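Nothing in this text is a laboratory measurement; each read-out follows from the coordinates by a stated rule. Worth saying up front: this structure is predicted, and the values here are computed from it rather than measured. Cβ sites come from the backbone with ideal geometry, for glycine too, and all protein chains shown count toward neighbours.
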Amino acid sequence: MTDIRIRLLREDDWDGVVALEERAYAASGLSEGREALQSRHRASPDTCFVLDHAGGLGGYLLALPYPLGRCPDLSRSEDEEGDGEKRGGGGARPTNLHAHDLVISEDLRGRGLSHRLLRHLEDTARAAGHRTVSLVAVRGSHVLWAPLGYRARPEIELPASYGSRAVYMAMPLEPAPARPLPHSTDPIPGPRTRAEVG
């Protein structure tokens with residue numbers, strides 16, 4: 001899959017992003033529309049990515065910092081009054097990065113690209129000092145996220161805009177593997193324990 005690369009989302013990608021989002025979510029009533037999607041990007045342009053495939057758009061991932069246990073409301077843009085406070089705008093930057101929306105084009109599904117995009121996001125989150133990544137699994141998709149390390153948090157109340165089957169999920173980020181120092185006599189670092197979210 002050398003013909004597919006991950007890059008930051010650009011302004012000229014929006015027609016393709018909106019078309020993918022509508023095909024993925026309109027039938028289930030979960031489509032947000034262009035303005036809300038663009039507001040997520042404006043809130044954190046360095047954590048929104050696209051899959052560039054043969055000069056076209058093969059998918060996208062929109063992510064933004066949000067306090068652990070909170071998420072964007074699909075019925076509101078990030079620009080609306082009060083959302084900055086929900087994202088932690090009134091104090092310290094949240095240590096959680098929320099993977100808000102991920103869509104792969106129909107012709108590229110089944111190739112592990114959503115996993116690739118999420119791993120790229122996790123690396124980006126680690127580099128920025130985030131300690132967790134969260135998402136909201138919709139339409140029963142929590143079974144897809146659990147094997148990737150995301151833990152369901154059913155006690156977290158979600159905005160009604162996500163529908164009744166939505167589940168908040170989060171995953172702790174382990175530190176990036178440390179490279180042994182050149183003079184180290186231990187070629188294999190010790191086991192890393194996985195922290196629990198919650």
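Summary table below
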| item | result |
| --- | --- |
| Relative contact order (percent, whole number), region 31-75, Cα cutoff 8 Å, 6+ residue spacing | 37 percent |
| Label-to-label distance, nm, for residues given as Glu106 and Glu22 (7 Å Cα→Cβ offset) | 1.4 nm |
| Shape of region 4-172, Cα gyration tensor, a/c cut at 1.5 | rounded |
